[in-house]
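The values are calculated or read from the model by the stated rules, or taken from the named source; none is laboratory data. Treat the numbers as computed from the prediction; the structure is a model and nothing was measured. Note that each Cβ is placed from the backbone with ideal geometry, even for glycine, and that neighbours are counted across all protein chains shown. Ligands, DNA and RNA are stripped out before the accessible areas are found, and what is left, the full protein with its side chains, is counted by its heavy atoms. Shrake-Rupley method; radii C 1.70, N 1.55, O 1.52, S 1.80 Å.
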Amino acid sequence: MASTLQKFIHSLDLRALPRVLEIQSGIYSQDSIYEKFGNECSLSTEEVIKVIGFKINKLIASISENNEVSQFSTKVELPLNFPGLYKVVADKTPYVSIEEIARKVSIGPTRFGYPSFYSAKDIKLANFTIKRDEQITFYSVEEVHGRMAVNCVVVRNNQSHSFTLPFSQEGEFYECEDDQIYTLKEIAEWKIPKGRDRIVKLSNTLHMWDSSSPLPENFDGCLILMPVYKVQAVMKFRKDIVHILSDLDVEVKDVTDCYDISSFLQPLSLEDIFERTSKEFPMVAEIMEGPSRNQKPYNLLSTGKEIVIYKKYQAARVLASEMRSDSSKRHYLIPMSYKGKFKRRPREFPTAYDLEIARSEKEHLHVVATKAFTSPHKELFSVSVGDQFLVQQCQTSEVLYEGRKKLVDVLACEQILSDSYKKVLLPMYMEGGFVEVIHDKKQYYLSEICREFHFPFNVKVSVRDLSIEKDVLAAAPGLQFEEEITDSYLLVSSASSPEESWEIPVYRSNMLVHLLSKGVQAVVLPVTRTTVEEVSEEEYYMLRRYENLTLHPPPRPPKKPT
């Protein structure tokens, strides 16, 4: 059965990819494909394409005063980065089963993926009854005893009750009201159900409204959002990936079940390549879609180029951020092979507890107080701005509290006076402010810092890496080394000039290749080049979140006695 490309993609589950589509009718030029504004936008009748991916490219918003679309509604085009914060209006159309919810709504693994619904009737489970109109939060989808189910939570009398609902559970399920606010990009990625429109209401007024804004001035109505997707597809006789906007005026028919899907080239992501066994390397591949970055080595990986992939492996990197007071700080992944040298920069510590974490046996931590603190106990020291201390160790001490003696955690320090030292005790709960005094003038390689010091650690490049054409770290006013991470890489070289190879990050390169049945001539690995990789704000937080899943957080600082 034929449908418009827009309707087909809007109802298509990503898990059902790839799909083979036959073009039934549409507007097309004499050539089969032509480009307009960077997108493939014309297809011939009876042409066959294989859809391998899609994502929301922009939104068509119908301006509404009563949450309904009419033929007279004004429609505007909104980019995903359009400013403003929005509240999601609950969908009044019910879902008829848990399977329909799981198929159409994004569930897990972030806070955006925890949708809530309520049932119009009681649902009796083996040892629990969900009451009608009770909020059910969906957390994840998994297989339970051979059946697909959703992990859910109901909060009742301040107690959480966890249970699973099978896909086969039928009923009348309505979306709960959502009191959170979102950016348009977050709504596009998480809050638009498959096959349904999404109504949103502007939560804050646009501070910088001007005549170029597509929305009316002082607009406070609702927007009914319809997504337009950028579709990734493979053509029968082409070696590159074509991009088609889903609002192209064509009709398509799904012919996957009666078509030999292997007759198309098989695009592989770098994640697909990394999942192959080590025995399958080295391999030769042709790039079907190159990365969008233009710095080395990404600018060497253009579409149509043949590459040799020698091996896959894990490699250590140090995640570092520029030390800036503004929000424009840049983030880097620094390889252990970096040949530059660093000098230490002072660290800042907001509490006495942070001093305890940072101290080491190798050297005394010398700090200056930047904030005054008055101790509520005469046994503990009151700090003035400018006081200097050498941090010793954590211990316990007795204090008089409401006429009774009590043990509290304290930090033993030596206060530096003009001609002597004075032993003092600082309460561990103390909220003050300290800046490190650096006496160490030594220059360190990255590997030495990782071996000898705790992170976070502040530095500045003192000797740039001369093996790098442009050392971006040397221009930074200061760097904070935040943590050492392990990441996945492929070792890649150009097939035409294999004199040097590059480490390509698997999860941040956004490349597609197809494998060629060619043997690799060279047995000896070429010289490996590593680079300092600048990562975006989004990539930075993904790296921190992923890495911190494997780390146990330090215990919370002790609370101030009440």
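Structure above, values below:
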read-out	value
Sole residue being open to solvent by less than 50 Å² (accessible area, probe 1.4 Å) and in contact (Cβ under 8 Å) with a residue 40 or more places away in the chain, chosen from Thr351, Thr303	Thr351
Count of the stretch 442-470 residues which are at pLDDT 90 or above, closer than 29 Å to Ile416 by Cβ and in a loop (DSSP other than H, G, I, E, B)	2
Single residue of Val368, Val435 found to be of a type in the set (Val, Ile, Thr), crowded, with 16+ Cβ neighbours inside 10 Å, modelled with pLDDT of 85 or more and assigned to a strand (DSSP E or B)	Val368
Checking Thr277 against (1) farther than 29 Å from Leu21 by Cα; (2) polar (S, T, N, Q); (3) open to solvent by less than 50 Å² (accessible area, probe 1.4 Å), the condition it does not meet	(3)
Any pair with Cβ under 6 angstrom, 6 or more apart, that starts in the stretch 1-19 at a residue that is assigned by the TED database to the domain that holds Lys50 and assigned to a helix (DSSP H, G or I) and ends at one that is of a type in the set (Ser, Thr, Tyr) and modelled with pLDDT of 90 or more	Ile9/Tyr229
The stretch 321-344: number of residues that are over 17 Å from Glu483 (Cβ atoms) and in a loop (DSSP other than H, G, I, E, B)	8
Test: Ile9 is at pLDDT below 85 and of a type in the set (Val, Ile, Thr)	no
Failed condition for Gly304, given (1) in the same structural domain as Phe281 (by the TED database); (2) at pLDDT below 85	(2)
Residue match in the stretch 399-409 (condition: open to solvent by less than 40 Å² (accessible area, probe 1.4 Å) and either among the polar types (S, T, N, Q) or within 30 Å of Glu484 (Cβ to Cβ) (or both))	no
Near pairs, Cβ below 9 angstrom, 6+ apart or cross-chain, from the stretch 113-126 (more than 30 Å from Lys185 (Cβ to Cβ) and crowded, with 16+ Cβ neighbours inside 10 Å) to any residue that is modelled with pLDDT under 95 and among the basic types (Lys, Arg)	Ser119/Lys131; Ser119/Arg132; Ile123/Lys131; Ile123/Arg132
Residue under evaluation Ile130, criteria (1) open to solvent by less than 80 Å² (accessible area, probe 1.4 Å); (2) under 30 Å from Val228 (Cβ atoms), criterion not met	(2)
Residue within the stretch 393-404 that is of a type in the set (Val, Ile, Thr), more than 37 Å from the chain's Cα centre (by Cα) and in a loop (DSSP other than H, G, I, E, B) present	no
Selection status of Ile334, among the β-branched types (Val, Ile, Thr) and either surrounded by fewer than 19 Cβ atoms within 10 Å (Cβ to Cβ) or farther than 15 Å from Val459 by Cβ (or both)	no
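One line per residue, one yes/no per condition, for (1) under 21 Å from Ser509 (Cα atoms); (2) among the aromatic types (Phe, Trp, Tyr); (3) out of contact with any strand residue (DSSP E or B) (no Cβ under 8 Å at 6 or more places or on another chain); (4) surrounded by 14 or more Cβ atoms within 10 Å (Cβ to Cβ):
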{"residue": "Gln314", "(1), (2), (3), (4)": "yes, no, no, no"}
{"residue": "Arg317", "(1), (2), (3), (4)": "yes, no, no, yes"}
{"residue": "Asp326", "(1), (2), (3), (4)": "no, no, yes, no"}
{"residue": "Arg344", "(1), (2), (3), (4)": "no, no, no, yes"}
{"residue": "Pro376", "(1), (2), (3), (4)": "no, no, yes, no"}
